[in-house]
Structures are given as C-alpha cells and as structure tokens.
Amino acid sequence: MPPKNKTPKDSTKADNNKSGNSGGKGKAGSGSKKDKDDTSTGSSGKQLKPATAINSRHILCEKHSKKEEALTKLKEGAKFDDVARDFSEDKARQGGSLGWKTRGALDAAFEKAAYDLEPSTTNNPKYVEVKTGHGYHIIMVEGRR
C-alpha cells in the first residue's frame, strides 16, 4: 500500500536541473507518508498505482555534456526515440527501447527513477535524469502493468 521509504538516496540523483528548491536528502520536511518530492518532468502530482513491470526507453550518455545536448533536443520538441538513436551510447538502438522490465531487473537508481515516472509517448515524453555506474540516463516510461 504505502511506497517503500527509500527516498533519501535517490532524491539527489533524479533530475537535478528542474528545481533548485529541494536540495536536501528528503527528511527536512514533514516526514509524513507523502515523502515524494517530485520535481521531474514525469510527475503531475498524482499518485501512481504500484506496478510490477514497466515498458521504458532511455538515452545513455557517458559524458554529462552529451546528455545535456540530448536534453536540449528534447526540450526543443524532438521525439524521444529520434534523440535516443542519435545520442544514446548503448546497444538499445531501437529508439532507446528497453522493453518490458520487471522490478529487480534494472540498476537500483535507474529502477527507482523509472517506476516513479508516469507513462508518456515519444512525441510528448515525460522524462527524468539519473546517473548510474553506466553513465547518465534520460528515462521515459511508455507503459506500466
């Protein structure tokens, strides 16, 4: 029912460029059940239903500067899958598609960020940024189940 309270370690990793007013570890506020400080473009303030699997896409960049270039293209209105084909440095060359992944199948930081996103389309993506041991990711979710 309530979400697992493991938010302190991910609050500094998810989409740091959207809002400068949540700079802490997530504990300085009310401490209530609603610990989610959703500052990413993937949140509209409504609570998502729990999911056991997500269909996601990502753009993986080794360098921060390349990730910033990809973000600029997305903000200019480019389709997520086109930007993924042009900028992503991994093997997911089909527009960054990772397919359906169940909980536990992805890197922990990536998974936390992805499961907190609401689904969107490649034409109008809601995305989040996260850094993992693999590099810088821009993640969007197409479906949840």
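The values are calculated or read from the model by the stated rules, or taken from the named source; none is laboratory data. Computed from a predicted model, the values in this text were never measured in an experiment. When we count neighbours, we look across all protein chains shown, and the Cβ atoms used for this are built from the backbone with ideal geometry, even at glycine.
Criterion first (at pLDDT below 95 and not acidic (D, E)) does K67 satisfy it?
No; evaluated as a whole, the condition is false for this residue.
Across the range 44-91, what is the total count of residues that are touching a residue at least 60 places away in the same chain (Cβ under 8 Å), of a type in the set (G, A, S) and surrounded by fewer than 12 Cβ atoms within 10 Å (Cβ to Cβ)?
1
Search the range 102-126 for residues that are in contact (Cβ under 8 Å) with a residue 12 or more places away in the chain and buried (at least 18 other Cβ atoms within 10 Å of the Cβ) and pair each with any residue that is in a loop (DSSP other than H, G, I, E, B) and among the hydroxyl-bearing types (S, T, Y) when their beta-carbon atoms are under 6 Å apart and the residues are at least 6 apart or on different chains.
K126/T41; K126/S120
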